[in-house]
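Structure first, commentary second.
Every number in this text was worked out from the coordinates using simple rules, so none of it is lab data. Every value quoted in this text rests on a predicted model; they were computed, and no experiment measured them. Cβ atoms come from the backbone with ideal geometry, glycine included; neighbour counts cover every protein chain shown.
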Amino acid sequence: MIKQTLLAVSLVATATLAQAHDEAALKAAPPGDPYVQVSDVLPLPAFIPGLGTLFVNPDTLPAGPFLAYDHDGKLSASIYMTPLEELENRTAYDGLGIGSHAVSSVDVYYNAGHPGVEKPHAHVVLYHDAEAKGRLAE
Amino acid sequence: MSWTRRQVIRLGGGAIAALGSPLPVFAAGETVIEMRGTARGERIWFDPFALAVAPGTVLRFVNRDPGNSHTATAYHPENYDRLRRIPAKAAPWDSDFLLPGESFEVTLRVPGVYDYYCIPHEMAAMVGRIVVGTPADPGWEGPAEDREDVSAEVLAALPGVETILARGALRREERS
């Protein structure tokens with residue numbers, strides 16, 4: 001029993017380390033597989049004012065995370081998009097990934113929809129440093 | 001009242017009284033309809049969202065929303081199998097997705113009422129109505145009567161023909 005517990009703890013620790021490695025790989029654009037640049041697969045601008053250049057793992061749609069990079073390719077925010085209708089229908093979006101564990105501030109606001117997530121939804125934006133919001137603005 | 005670039009010429013005594021008052025006559029030309037949105041995409045709209053023009057007017061849709069793409073798509077079976085909300089003799093159009101700064105032109109020649117929408121934003125009632133000519137024009141076809149293919153929000157966002165003819169163009173601020 002103790003062995004099994006140790007094994008489980010060990011696996012969790014290994015997973016955490018792996019996540020840390022992944023996090024390092026996501027710091028600069030492009031983040032690589034399985035992420036795709038949103039503007040390559042959807043009719044959206046390459047750099048969206050307020051959101052930056054977005055990458056997403058298609059398997060995680062619609063919630064994301066969408067990884068937001070500034071003009072210099074620096075990871076600046078992790079963004080989640082959750083349709084209001086789905087939330088009202090009791091859909092939960094649990095255990096979502098994150099681009100970086102450093103979060104300086106969070107914005108949550110309504111969006112009427114856009115290609116890719118056409119239903120009215122919430123944008124949950126986790127900024128990864130104090131200047132990130134400014135760098136993504138324009 | 002905010003008329004478009006080609007100004008309206010009103011006929012006085014010679015006008016038709018089909019709506020209880022003289023109908024305007026609009027000069028054909030080119031008119032711009034902008035696709036607009038707030039910075040965070042909370043609201044999106046066509047500007048103007050309702051418009052009266054003369055038959056033969058060239059309409060140019062321009063995406064002025066820096067953070068979003070839009071379409072101008074006529075309600076018609078040829079466009080995603082939607083029910084027709086343009087005159088039967090009119091050709092449907094679909095701009096496809098316009099990125100910021102891109103534009104699309106269509107010429108409307110058949111008198112009647114044309115309803116159109118933005119594909120990714122129809123759920124947010126980003127729709128528009130264009131009145132071409134007046135009910136006195138030969139071949140005029142009034143607004144679609146269907147109330148099933150579109151949402152209640154879309155129907156509520158489409159002003160009446162009489163209002164559009166009376167005001168020439170309706171903009172978002174006037175709708176709220």
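Go through B:Gly139, B:Gly128 for me and flag whichever is more than 30 Å from A:Pro120 (Cβ to Cβ) and either hydroxyl-bearing (Ser, Thr, Tyr) or more than 12 Å from chain A (Cβ to nearest Cβ) (or both). Even if it seems obvious, please write down each step before you answer.
Working: B:Gly128 fails: more than 30 Å from A:Pro120 (Cβ to Cβ).
Just one listed residue meets the conditions, B:Gly139.
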- prompt: Which ones in region B:91-124 are under 20 Å from A:Ala46 (Cα atoms) and out of contact with any strand residue (DSSP E or B) (no Cβ under 7 Å at 6 or more places or on another chain)?
  reply: B:Asp96, B:Phe97
message: Of everything in region B:82-97, what is within 14 Å of chain A (Cβ to nearest Cβ) and under 17 Å from the mean Cα position of the chain (by Cα)? Give them in sequence order.
response: B:Asp94, B:Ser95, B:Asp96
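Output the residue which, of all residues in region A:46-90 that are in a loop (DSSP other than H, G, I, E, B) and within 16 Å of A:Val117 (Cα to Cα), is farthest from the other protein chains (Cβ to nearest Cβ).
Taking region A:46-90 as the starting set, the residues that turn out to be in a loop (DSSP other than H, G, I, E, B) are A:46-47, A:49-51, A:57, A:61-65, A:70-73, A:89-90.
Of the ones still in play, those that are also within 16 Å of A:Val117 (Cα to Cα) are A:51, A:57, A:61-65.
Numbers: A:Leu51: 7, A:Asn57: 21, A:Leu61: 14, A:Pro62: 13, A:Ala63: 17, A:Gly64: 15, A:Pro65: 18 Å.
Among residues in region A:46-90 that are in a loop (DSSP other than H, G, I, E, B) and within 16 Å of A:Val117 (Cα to Cα), the one farthest from the other protein chains (Cβ to nearest Cβ) is A:Asn57.
Quick one: is A:Leu96 surrounded by fewer than 16 Cβ atoms within 10 Å (Cβ to Cβ) and either facing another protein chain (nearest Cβ under 10 Å) or over 11 Å from the mean Cα position of the chain (by Cα) (or both)? Break it down into steps so the answer makes sense when it comes.
Working: surrounded by fewer than 16 Cβ atoms within 10 Å (Cβ to Cβ): yes; either facing another protein chain (nearest Cβ under 10 Å) or over 11 Å from the mean Cα position of the chain (by Cα) (or both): no.
When the stated conditions are applied, A:Leu96 does not pass them.
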query: Conditions: (1) outside any strand (DSSP E or B); (2) out of contact with any Leu (no Cβ under 7 Å at 6 or more places or on another chain). B:Asp146 meets all but one. Number of the miss?
result: (2)
message: Of everything in region B:35-55, what is part of a strand (DSSP E or B) and of a type in the set (Val, Ile, Thr)? Give them in sequence order.
response: B:Ile44, B:Val53
- line: Within region A:20-45, residues over 17 Å from A:Ser100 (Cβ atoms) and away from every other protein chain (no Cβ under 12 Å) come out as A:Asp33, A:Pro34, A:Val36, A:Gln37, A:Asp40, A:Val41
message: Please count how many residues of region B:69-97 are touching a Leu at 6+ places or on another chain (Cβ under 9 Å) and either hydroxyl-bearing (Ser, Thr, Tyr) or more than 15 Å from B:Tyr114 (Cα to Cα) (or both).
response: 5
- prompt: From the list A:Val117, A:Val103, which residue is within 10 Å of another protein chain (Cβ to nearest Cβ), surrounded by 15 or more Cβ atoms within 10 Å (Cβ to Cβ) and among the hydrophobic types (A, V, I, L, M, F, W, C)?
  reply: A:Val117
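Restricted to region B:68-81, and to residues that are part of a loop (DSSP other than H, G, I, E, B) and either in contact with a Gly (Cβ under 7 Å, 6 or more places away or on another chain) or farther than 20 Å from A:Val117 by Cα (or both), which residue is nearest to the other protein chains (Cβ to nearest Cβ)? Steps first, answer last, please.
Residues of region B:68-81 part of a loop (DSSP other than H, G, I, E, B): B:68-69, B:71-72, B:75-81.
Subset that is either in contact with a Gly (Cβ under 7 Å, 6 or more places away or on another chain) or farther than 20 Å from A:Val117 by Cα (or both): B:68, B:75-79, B:81.
Numbers: B:Asn68: 5, B:Tyr75: 17, B:His76: 20, B:Pro77: 21, B:Glu78: 20, B:Asn79: 16, B:Asp81: 17 Å.
Across region B:68-81, the extreme among qualifying residues is B:Asn68.
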